[in-house]
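K.L.:
Take this structure, written in structure tokens, and hold onto it; I'll ask about it next.
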Amino acid sequence: MGKSKKHFIIEDLLISDAGSEGICVGKYDGQVVFVSNVVPGDIINAEVYKKKHSYYMARPLEIKVYSPQRATPLCEHFGVCGGCKWQNMQYDSQLRYKQKQVFDNFSRIGKFDFPALSPILSSENIYAYRNKMEYTFSDKRWLSIEEMENKELFNLNGLGFHLSGMYDKVLDIHYCHLHTRMGNEIRNAIKSFAIQNGLSFYNARNHEGLLRNLIIRHSVCGDLMVIVVFAYKDKYLSMLMDYIKVNFPQITSLMYAINDKLNDSLSDVCVQLYAGKAYMIEQMEELLFKVSPQAFYQTNASQALKLYQTARAFAKIEPHHIVYDLYTGTGTIALFVARHAQKVIAVEYVASAVENAKENARLNHIDNAHFFVGDMAKIFTDEFIQQNGHPHVIITDPPRNGMHPEVIAQILKIKPHRIVYVSCNPATQARDIALMNPLYQAKAIQPVDMFPQTHHVENVCLLELRATL
Ligand code: SAH
């Protein structure tokens with residue numbers, strides 16, 4: 001059909017690749033066509049709903065040939081819930097496209113020489129691998145078309161995930177396959193109890209209703225933490241908390257919080273202990289970590305161990321080395337490498353995370369890891385380096401937007417022998433490595449799959465100071 005129309009149909013479009021953000025792509029008339037909810041290898045009829053200068057956005061109308069890379073999604077919520085966009089793709093293929101995502105970013109954005117990528121480290125568990133889930137209560141759950149057409153009265157309360165672009169609606173989750181069976185049981189029991197007893201669910205538009213959020217976490221040591229977030233103090237609070245306490249004795253930390261702010265963020269809210277202990281214990285190799293309710297801990301713990309082991313192996317730390325761990329979070333990488341080094345200097349801008357890191361250093365009798373609170377671009381100065389020692393190795397694990405140019409400039413100025421760059425975004429990682437390329441050679445690249453069923457990929461890259469300099 002003619003391209004003059006805004007909406008038009010492309011027939012027999014071959015889906016050739018899985019692009020960034022998990023959206024698949026095909027080619028039509030020399031243009032890239034982005035299509036969701038399909039799999040590379042599918043041949044489809046697609047309806048274009050948006051035309052841009054260099055690409056089209058389309059939705060699948062009919063799948064004419066099903067790709068051999070397809071898998072049957074386990075989840076009844078697949079396609080509506082945006083959480084696991086790749087559940088319809090076999091795990092082998094997911095891994096291949098993640099590996100390719102790293103390669104493509106390094107070759108297209110980076111434009112520097114790099115060695116062959118090591119095969120991505122796959123996750124043993126491809127479902128139920130998350131140790132933390134955050135659910136939202138809403139008095140206006142998302143309704144399917146069938147439900148909307150059905151004129152009977154519904155209970156509109158839901159407990160689940162926000163749908164993208166709909167801040168006041170949640171998809172009511174019956175079973176989330178990234179969560180454990182026990183986690184699903186606890187969530188569903190709390191929802192049923194709340195509905196049966198008339199506890200009100202929050203309305204994010206007019207800020208009314210009692211129940212706001214539910215966070216369920218567990219650790220490899222068997223600890224189980226449940227935090228219920230209420231909008232205000234109410235007689236129903238202890239009724240619900242007692243119900244949870246009596247019915248789920250496996251919970252080792254039962255907690256609640258009152259959040260009367262407009263946003264859901266828990267970082268500035270006081271979390272109260274209702275029963276059990278105020279933290280969970282996590283373990284990696286011989287290290288123990290105390291994890292308090294607001295503290296960050298990697299959500300796929302067994303893959304995080306592989307990630308850290310890779311980072312440590314790349315760092316080749318010797319006993320006389322001074323190691324810097326930039327963007328340390330709760331200090332897990334710093335503590336993980338401390339026993340191999342003379343000392344570790346770690347920086348993070350969330351003060352409570354640094355408090356956790358210090359406590360965990362004490363817990364593990366590590367006294368050569370020193371933690372500093374500050375914005376990397378501001379704290380990482382000549383004076384800071386003079387005071388703390390010149391690094392032999394820098395390990396850096398920045399957030400998705402990568403490192404600030406001033407941080408990169410400082411690294412280039414002080415020229416550590418080795419840099420280990422851990423990243424959850426290979427695009428910004430490639431951009432940053434390109435800036436360091438004149439002085440540093442990429443020597444090893446190891447992608448790690450932390451998040452099966454999603455397009456997210458973690459990547460570790462070793463950079464070494466060029467010999468000629
Ligand atoms: N290495 C840690 C966490 C990495 S996530 C781990 O493996 O657990 C990135 C961390 O960078 C977060 O803890 C975030 O709070 C911190 N961060 C983000 N921007 C920062 C900045 N400008 N200065 C210092 N820390 C920052």
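The values are calculated or read from the model by the stated rules, or taken from the named source; none is laboratory data. Small disclaimer: the values here were computed from a predicted structure and weren't measured. Positions of Cβ are backbone-derived with ideal geometry, glycine not excepted, and every protein chain shown enters the neighbour counts.
K.L.:
Taking into account only those residues within the range 83-119 that are under 18 Å from residue 22 (Cα atoms) and aliphatic (A, V, I, L, M), which is farthest from the chain's Cα centre (by Cα)?
P.N.:
Per the stated criteria, the residue is 89.
K.L.:
What residue, of 365, 404, 392, is more than 15 Å from the ligand (Cβ to nearest atom), of a type outside the set (Asp, Glu) and surrounded by fewer than 19 Cβ atoms within 10 Å (Cβ to Cβ)?
P.N.:
Details: 404 fails: more than 15 Å from the ligand (Cβ to nearest atom); 392 fails: surrounded by fewer than 19 Cβ atoms within 10 Å (Cβ to Cβ).
Step by step, each of 365, 404, 392 is checked, and only 365 is more than 15 Å from the ligand (Cβ to nearest atom), of a type outside the set (Asp, Glu) and surrounded by fewer than 19 Cβ atoms within 10 Å (Cβ to Cβ).
K.L.:
Could you count how many residues in the range 30-57 are aromatic (Phe, Trp, Tyr) and under 22 Å from residue 90 (Cβ atoms)? Write out each step before concluding.
P.N.:
As a first pass, look at the range 30-57 and keep what is aromatic (Phe, Trp, Tyr): 34, 49, 55-56.
Filter again for under 22 Å from residue 90 (Cβ atoms), leaving 34.
Qualifying residue count, the range 30-57: 1.
K.L.:
Which one is surrounded by the fewest Cβ atoms within 10 Å (Cβ to Cβ), of the residues in the range 435-469 that are over 25 Å from the mean Cα position of the chain (by Cα) and hydrophobic (A, V, I, L, M, F, W, C)?
P.N.:
Kept after step one, since they are over 25 Å from the mean Cα position of the chain (by Cα), are these residues of the range 435-469: 435-443, 464-469.
Right, trim to hydrophobic (A, V, I, L, M, F, W, C) and you get 435-436, 439, 442, 465, 467, 469.
Values: 435: 18, 436: 20, 439: 16, 442: 22, 465: 15, 467: 6, 469: 8.
So, considering only residues that are over 25 Å from the mean Cα position of the chain (by Cα) and hydrophobic (A, V, I, L, M, F, W, C), the one surrounded by the fewest Cβ atoms within 10 Å (Cβ to Cβ) is 467.
K.L.:
Condition first: among the acidic types (Asp, Glu) and either within 16 Å of the ligand (Cβ to nearest atom) or assigned to a helix (DSSP H, G or I) (or both). Now tell me which residues in the range 315-343 satisfy that. Full working, then the answer.
P.N.:
Step one: list which residues in the range 315-343 are among the acidic types (Asp, Glu), which gives 318, 325.
Within the range 315-343, 325 is the sole residue that qualifies.
K.L.:
Right, something else. Can you pull out every residue in the range 431-469 that is in contact (Cβ under 8 Å) with a residue 60 or more places away in the chain and part of a helix (DSSP H, G or I)?
P.N.:
Hits for the range 431-469 are 431, 433, 434.
K.L.:
Still on this structure: Kindly indicate whether residue 266 is more than 20 Å from residue 186 (Cα to Cα) and aliphatic (A, V, I, L, M). Don't jump to the end; show me each part of the working.
P.N.:
Values: more than 20 Å from residue 186 (Cα to Cα): yes; aliphatic (A, V, I, L, M): yes.
Against the criterion (more than 20 Å from residue 186 (Cα to Cα) and aliphatic (A, V, I, L, M)), residue 266 qualifies.
K.L.:
Any residue at all in the range 319-330 that's buried (at least 24 other Cβ atoms within 10 Å of the Cβ) and more than 21 Å from residue 410 (Cβ to Cβ)?
P.N.:
yes
K.L.:
Can you pull out the residues in the range 284-297 that are part of a loop (DSSP other than H, G, I, E, B) and closer than 30 Å to residue 232 by Cβ?
P.N.:
Taking the range 284-297 first, the residues part of a loop (DSSP other than H, G, I, E, B) are 285-286, 292-297.
292, 293, 294, 295, 296, 297, listed by residue number.
K.L.:
Shifting gears a bit: Those residues that are surrounded by 15 or more Cβ atoms within 10 Å (Cβ to Cβ) and in a strand (DSSP E or B), I need them from the range 60-71; list them, please. Please lay out each step first, then the result.
P.N.:
Step one: of the range 60-71, the residues surrounded by 15 or more Cβ atoms within 10 Å (Cβ to Cβ) are 60, 63, 67, 69-71.
Scanning the range 60-71 gives 60, 63, 70.
K.L.:
Please find, within the range 298-314, the residue that is nearest to the ligand (Cβ to nearest atom) out of those that are surrounded by 20 or more Cβ atoms within 10 Å (Cβ to Cβ) and assigned to a loop (DSSP other than H, G, I, E, B).
P.N.:
298
K.L.:
Continuing with this model, one more query. Looking at residue 428 and the list (1) out of contact with any helix residue (DSSP H, G or I) (no Cβ under 7 Å at 6 or more places or on another chain); (2) among the polar types (S, T, N, Q); (3) touching a residue at least 40 places away in the same chain (Cβ under 8 Å); (4) surrounded by fewer than 22 Cβ atoms within 10 Å (Cβ to Cβ), which single condition is not satisfied?
P.N.:
The number of the failed condition is (3).
K.L.:
Among 260, 234, which is the only one that is loosely packed, with under 15 Cβ neighbours inside 10 Å and charged (D, E, K, R)?
P.N.:
Numbers: 234 fails: loosely packed, with under 15 Cβ neighbours inside 10 Å.
The conditions single out 260.
K.L.:
Which of the residues belonging to the range 146-198 are touching a residue at least 24 places away in the same chain (Cβ under 8 Å) and among the small types (Gly, Ala, Ser)?
P.N.:
Hits for the range 146-198 are 158, 160, 164, 183, 189, 194.
K.L.:
Report every pair of residues separated by at least 6 positions or lying on different chains whose Cβ atoms are under 7 Å apart, first residue within the range 371-396 and hydrophobic (A, V, I, L, M, F, W, C), second more than 15 Å from the ligand (Cβ to nearest atom).
P.N.:
385/414; 393/317; 393/321; 393/416; 393/417; 393/418; 394/416
K.L.:
Same structure, new question: Out of the residues in the range 284-331 that are over 30 Å from residue 389 (Cβ atoms) and of a type in the set (S, T, N, Q), state the one that is nearest to the chain's Cα centre (by Cα).
P.N.:
Within the range 284-331, the match that is nearest to the chain's Cα centre (by Cα) is 299.
K.L.:
Conditions first: (1) within 30 Å of residue 93 (Cβ to Cβ); (2) within 16 Å of the ligand (Cβ to nearest atom). Residue 442 passes all but one, so which condition is the exception?
P.N.:
The one condition residue 442 does not meet is (2).
K.L.:
Against the conditions (1) within 25 Å of the chain's Cα centre (by Cα); (2) under 27 Å from residue 342 (Cα atoms); (3) surrounded by fewer than 16 Cβ atoms within 10 Å (Cβ to Cβ), where does residue 265 fall short? Just the number, please.
P.N.:
(2)
K.L.:
Look through 284, 280 and report the one residue that is over 15 Å from residue 396 (Cβ atoms) and crowded, with 22+ Cβ neighbours inside 10 Å. Can you show your working first?
P.N.:
On the way: 284 fails: crowded, with 22+ Cβ neighbours inside 10 Å.
Unique residue meeting the criteria: 280.
K.L.:
Please go through the range 87-124 and give me each residue that is within 21 Å of residue 304 (Cα to Cα), assigned to a loop (DSSP other than H, G, I, E, B) and at pLDDT 95 or above, ordered by number.
P.N.:
Within the range 87-124, 117, 118, 119, 120, 122, 123 qualify.
K.L.:
Now a separate question. Just give me the residues in the range 41-55 being crowded, with 22+ Cβ neighbours inside 10 Å and either over 16 Å from residue 9 (Cβ atoms) or out of contact with any Phe, Trp or Tyr (no Cβ under 7 Å at 6 or more places or on another chain) (or both), in sequence order.
P.N.:
44, 46
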